[in-house]
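The values are calculated or read from the model by the stated rules, or taken from the named source; none is laboratory data. Model, not experiment: these values are computed from the prediction. Heads up, the Cβs are rebuilt from the backbone with ideal geometry, glycines too, and the neighbour counts pull from every protein chain shown. Side chains are part of the model used for accessible areas, which takes the heavy atoms of the whole protein and leaves out ligands, DNA and RNA. Shrake-Rupley method; radii C 1.70, N 1.55, O 1.52, S 1.80 Å.
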Amino acid sequence: MAGCSGDGADGERDGRSRGEHAVETEAVLGKVRGALDDASAQQALADVTAVVDGWIDGGYGGDYPRTGFDEAFSSFTADARELALGQPGVMSNAEVGGSLERAEITSRSVTVDLLGVEGRPAGATAHVLVTVDLAGGVDRTDEVRGRLLLTPGKDGWRVFGFDVRRGEEGA
Amino acid sequence: MRATLRTLVLGLVLGLTALLVPDGAPAPTYLTLVKMDRAAGVDVDPDVVWILAVGSDARPGEDPTRTRGDALQMVGLDTRTGAATAVGIPRDSWVPIPGVGSNRVNAALYYGGPQLLGRTVGNLLGVQPDYVMLAPFSALANLISGIGGITVDNPRAFADQDLHPRGWPAGKVRINGMKAVEFARVRKALPRGDFDRSANQQLVLRGIQQKIASKADRPGWIEKQTLSVLRHLNTDGVSPRELFRIAQAVAQVDPAKITTCVLQGSIGNVGGASVVLPDTAAAKRYGDAAREDATIERC
């Protein structure tokens with residue numbers, strides 16, 4: 001099942017995240033396990049996609065050169081944020097951000113699997129694929145691929161874990 | 001890929017205060033997951049989650065939370081590094097049971113349910129569990145069948161005339177359902193009896209973890225397994241979110257970072273009954289070694 005609808009944080013309607021991204025996120029609802037109606041699943045898709053977008057934009061997009069990437073992890077739990085900040089070569093451009101002139105996200109997609117219990121989402125796995133062109137002190141095209149693990153809470157969805165790889169495109 | 005990151009963090013441990021023993025007698029085909037009451041002020045590193053896994057031979061009609069645990073494994077997961085450890089406790093270990101006196105460790109389940117068993121094993125190791133997971137053998141068989149069977153690296157060929165006369169060969173062995181449970185239950189045919197059986201139980205745990213890890217990135221697989229456990233879980237005290245996080249933690253364990261030990265001891269006699277007198281110094285050493293990083297370098 002593809003696409004999304006509803007009134008998500010970024011106003012998603014048709015599987016495209018329409019925030020201020022240069023490239024829209026292709027957001028797809030993956031497997032839905034358990035009791036979750038379509039509207040709830042679509043809302044969860046929108047909400048999770050917004051969290052993932054925050055990480056992608058904060059971690060790989062933005063202006064360069066720069067060295068501050070903390071905002072990328074504002075929707076991570078405290079421990080997950082600490083771990084992510086400790087992986088500056090993978091979870092963001094922090095490792096090379098100071099020498100970059102430009103970083104352009106050229107593609108971004110997220111497929112969200114959901115666990116539903118008694119009509120409410122209880123967990124999500126966001127399968128993410130991002131391609132980013134780097135220019136300046138580093139000239140290459142990187143591919144970031146993996147999973148973010150999320151659970152919902154009072155203040156929205158939070159990333160509590162991740163399993164992410166990064167490497168040069170085609171490597 | 002230039003760099004790889006595999007890691008996971010959880011916020012499970014802090015704030016565990018509820019006593020969540022399920023009401024009524026659970027069906028023996030169901031798993032039971034109990035949060036430990038942590039009001040005792042035990043200092044536990046919040047990055048390491050401890051689960052006391054208990055295999056129970058509860059028969060139909062019996063309450064598995066009040067039988068005698070047949071298999072005891074204290075499992076630690078370091079959610080930051082993907083390390084995991086298991087300490088096997090021989091079921092006949094003669095230990096102090098709070099409020100009861102000395103007895104076989106598995107009698108704690110009969111006298112005081114999962115909470116008392118958790119405290120008893122926790123006192124032995126010096127590390128208190130955050131959860132006690134009770135799995136009647138039928139439920140364990142269903143769980144293993146549900147993930148499509150497992151592979152164990154069997155160190156020796158053995159057979160049991162009652163449970164599995166054909167036996168299992170040495171080397172990689174694929175087992176499923178109740179046969180996997182029987183692999184973990186055979187004792188008499190093993191040279192070191194309960195100690196070797198406990199080691200075999202750890203092989204089964206490794207096999208389960210490896211299967212889960214190998215399928216974790218399949219779309220919706222973890223969600224499906226979590227849902228399956230929820231449907232067969234005898235407590236409403238552990239939230240689906242919590243269970244989802246635990247399942248992800250298990251999936252993120254790095255097989256290369258798994259260490260296992262079986263608590264050794266001598267055979268003794270108490271009141272005419274054969275018991276294991278556990279090496280309590282080793283037990284404390286295991287607890288001290290694994291408390292902060294779920295790793296035991298040397299058994």
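General remarks:
- Identity of the residue in region A:123-143, modelled with pLDDT of 95 or more and of a type in the set (A, V, I, L, M, F, W, C), that ends up farthest from A:Trp157 (Cα to Cα): A:Ala135
- All conditions but one from (1) crowded, with 23+ Cβ neighbours inside 10 Å; (2) within 22 Å of B:Ala249 (Cβ to Cβ); (3) within 13 Å of chain B (Cβ to nearest Cβ) apply to A:Trp55; the one that does not is (3).
- For A:Pro121: the one exception among (1) in contact with a Pro (Cβ under 6 Å, 6 or more places away or on another chain); (2) more than 8 Å from chain B (Cβ to nearest Cβ); (3) surrounded by fewer than 22 Cβ atoms within 10 Å (Cβ to Cβ): (3)
- Sole exception among (1) within 14 Å of chain B (Cβ to nearest Cβ); (2) among the basic types (Lys, Arg); (3) assigned to a loop (DSSP other than H, G, I, E, B) for A:Arg81, by number: (3)
- Qualifying residue in region A:102-111 (condition: in a strand (DSSP E or B), surrounded by fewer than 23 Cβ atoms within 10 Å (Cβ to Cβ) and within 11 Å of chain B (Cβ to nearest Cβ)): yes
- Search result, residues across region A:23-42 that are of a type in the set (Val, Ile, Thr) and buried (at least 21 other Cβ atoms within 10 Å of the Cβ): A:Thr25, A:Val32
- Residue in region B:187-196 that is out of contact with any Pro (no Cβ under 7 Å at 6 or more places or on another chain) and either crowded, with 22+ Cβ neighbours inside 10 Å or polar (S, T, N, Q) (or both) present: no
- Residue in region B:103-129 that is most open to solvent (accessible area, probe 1.4 Å), counting only those that are touching a residue at least 12 places away in the same chain (Cβ under 8 Å) and of a type in the set (S, T, N, Q): B:Asn123
- Selected residue (only one of B:Val132, B:Val75, B:Val87 is closer than 23 Å to B:Asp47 by Cα, open to solvent by 10 Å² or more (accessible area, probe 1.4 Å) and in contact (Cβ under 8 Å) with a residue 60 or more places away in the chain): B:Val75
- Considering region B:81-136, the qualifying strands (runs of 3 or more DSSP E), each wholly inside and each with 3 or more residues that are over 16 Å from the mean Cα position of the chain (by Cα), run over B:94-97, B:101-104.
- Test set (1) open to solvent by 10 Å² or more (accessible area, probe 1.4 Å); (2) within 11 Å of chain B (Cβ to nearest Cβ) - A:Leu150 fails condition number: (1)
- Residues in region A:58-78 that are crowded, with 19+ Cβ neighbours inside 10 Å and outside any helix (DSSP H, G or I): A:Gly61, A:Tyr64, A:Phe69, A:Ser75, A:Phe76, A:Thr77.
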